[in-house]
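For reference, the structure discussed in these notes is given below.
The values are calculated or read from the model by the stated rules, or taken from the named source; none is laboratory data. These numbers come from a predicted model, not from an experiment. Heads up, the Cβs are rebuilt from the backbone with ideal geometry, glycines too, and the neighbour counts pull from every protein chain shown.
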Amino acid sequence: MRILLTGRNGQVGWELHRALAPLGDVVAFDRQGADLSRPETIAPLVASVQPDVIVNAAAYTAVDNAEKEEALAQRVNADAAGELAGAARKLKALLVHYSTDYVFDGRSAEPYREHDPVAPLNAYGRTKLAGEQAIEAAGGDWLTLRTTWVYGVRGRNFLRTMLRLGCERETLRVVADQIGVPTSARMIADLTAQVISRAQRERSDGAFASGLFHMTASGRTDWHGFASAIISAAREAGRLPIKTTSVEPITSREFPTPAARPGFSVLDNSRFDERFRLHRMDWREALALVMDDLLVGGSSLN
Ligand SMILES: NC(=O)c1ccc[n+]([C@@H]2O[C@H](COP(=O)([O-])OP(=O)(O)OC[C@H]3O[C@@H](n4cnc5c(N)ncnc54)[C@H](OP(=O)(O)O)[C@@H]3O)[C@@H](O)[C@H]2O)c1
């Protein structure tokens, strides 16, 4: 099997490069090799690789910057995603793509199901929704996996920010009125590899159906709960000079950002569970594994 991977230096892309390796030959591109801001370059690139599977881990993910750069975010997150889907269809390849809880407005009190009404609150969410729609419109064999609150050992993410601030400040003030599910990039990559394996079997048996799935860790928390878990795990591990003695809850109003965020981001994963029958770890269990990697392995926080 030949797999074309985009976004190889991102949180999920980095983990995918490793997780997909047992499935076959992974041809992995960074932004220079596959620039999604130039959607017109996608079809020739895909044709030159002739993949059986395309995994699109590249995205414009700077949520606040997207408010000012929506046209660029739209090219990367929507137009290029549509081009990848079209190129996959031509080659009869499978496209695996990621989307986000930010397609919802977060006003629900119940975990969102895949076909609940969408109403993005910000530019990033609009462009990711447009990407989902462009893929569906292109047709062919595709799976779009919506996930939430991604973090990992690399890149800009909440875990690394909290660990860095935890070494600098005695008190951390963290938003407690946004509820969601932290999902590690490694878990996303490992689940994706299993999903692809199964999807390829279904495709060769003529039993495959394209679709949209929610795929996150299990459980739920808020950013304050996530920060508290990170700081106490780091203190216990004893590898970092953690200064923080207090993690205080604040409201989103006290921490204004250019882009509005949904207050409730929990996704109902039952459709994913029924189709793929995989174990999704609780977010705390997955966090413990990442913390082991980061602290015991001694990765740099800089
Ligand atoms: N992060 C989250 O909390 C979150 C939540 C829900 C869903 N998702 C979705 O999950 C997927 C993976 O996200 P992630 O957290 O791994 O994101 P990430 O760490 O920000 O990685 C995104 C990757 O895309 C690359 N990229 C950006 N613009 C590009 C362009 N014009 N052409 C080619 N590559 C480009 C980046 O390249 P550089 O390394 O050069 O910057 C980076 O390697 C995305 O679809 C994202 O929307 C993320």
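So is A57 free of Cβ contacts under 8 Å to residues at least 40 places away in the same chain, within 14 Å of the ligand (Cβ to nearest atom) and of a type in the set (G, A, S) or not?
Judged against the criteria, A57 is not a match.
Taking segment 245-267 on its own, how many of its residues are farther than 14 Å from H224 by Cα and either touching a His at 6+ places or on another chain (Cβ under 6 Å) or assigned to a helix (DSSP H, G or I) (or both)?
2
Among the numbered criteria (1) at pLDDT 95 or above; (2) away from the ligand (no atom under 15 Å from the Cβ), which one does A109 miss?
With respect to (1) at pLDDT 95 or above; (2) away from the ligand (no atom under 15 Å from the Cβ), A109 is out only on (1).
Check off (1) over 23 Å from the mean Cα position of the chain (by Cα); (2) over 11 Å from G166 (Cα atoms); (3) modelled with pLDDT under 95; (4) not small (G, A, S) for R261 and give me the number that stays unchecked.
R261 satisfies all of (1) over 23 Å from the mean Cα position of the chain (by Cα); (2) over 11 Å from G166 (Cα atoms); (3) modelled with pLDDT under 95; (4) not small (G, A, S) except (1).
Identify all residues within segment 111-144 that are closer than 26 Å to R280 by Cα, among the β-branched types (V, I, T) and in a helix (DSSP H, G or I); write none if there are none.
Answer for segment 111-144, where residues must be closer than 26 Å to R280 by Cα, among the β-branched types (V, I, T) and in a helix (DSSP H, G or I): just I135.
Cβ contacts < 7 Å: first residue among the β-branched types (V, I, T), restricted to segment 219-239; second residue assigned to a helix (DSSP H, G or I), any location; separation 6+ or different chain. Result?
T221/W283; I230/L159; I230/M162; I230/L163; I231/M162; I231/G166
Does segment 1-50 hold any residues that are more than 17 Å from A189 (Cα to Cα), small (G, A, S) and within 8 Å of the ligand (Cβ to nearest atom), and which are they?
Hits for segment 1-50 are A34, S37.
Just checking, how many residues over segment 137-161 are surrounded by fewer than 16 Cβ atoms within 10 Å (Cβ to Cβ) and in contact (Cβ under 8 Å) with a residue 12 or more places away in the chain?
Looking only at that region, the number is 2.
When residues of segment 85-102 are filtered for being more than 11 Å from the ligand (Cβ to nearest atom), buried (at least 22 other Cβ atoms within 10 Å of the Cβ) and either in a helix (DSSP H, G or I) or not aliphatic (A, V, I, L, M) (or both), how many remain?
Final tally of qualifying residues: 3.
Condition check: in a helix (DSSP H, G or I), of a type outside the set (V, I, T) and either at pLDDT 95 or above or farther than 25 Å from A207 by Cβ (or both). Does D79 satisfy that?
Judged against the criteria, D79 is a match.
Can we say A66 is near the ligand (Cβ under 8 Å from one of its atoms), aliphatic (A, V, I, L, M) and buried (at least 19 other Cβ atoms within 10 Å of the Cβ)?
Taking the combined requirement at face value, the residue does not satisfy it.
For segment 199-214, state whether one or more residues are touching a residue at least 40 places away in the same chain (Cβ under 8 Å), within 16 Å of the ligand (Cβ to nearest atom) and buried (at least 20 other Cβ atoms within 10 Å of the Cβ).
Within segment 199-214, one or more residues are touching a residue at least 40 places away in the same chain (Cβ under 8 Å), within 16 Å of the ligand (Cβ to nearest atom) and buried (at least 20 other Cβ atoms within 10 Å of the Cβ).
Return a yes/no flag: does segment 223-243 have any residue that is closer than 29 Å to P51 by Cβ and surrounded by 21 or more Cβ atoms within 10 Å (Cβ to Cβ).
No, that holds for no residue.
Considering only segment 112-134, how many residues are under 16 Å from A73 (Cβ atoms) and either within 11 Å of the ligand (Cβ to nearest atom) or crowded, with 17+ Cβ neighbours inside 10 Å (or both)?
14
Can you pull out every residue in segment 1-17 that is closer than 9 Å to A28 by Cβ and either modelled with pLDDT under 95 or hydrophobic (A, V, I, L, M, F, W, C) (or both)?
Hits for segment 1-17 are I3, L4, L5, L16.
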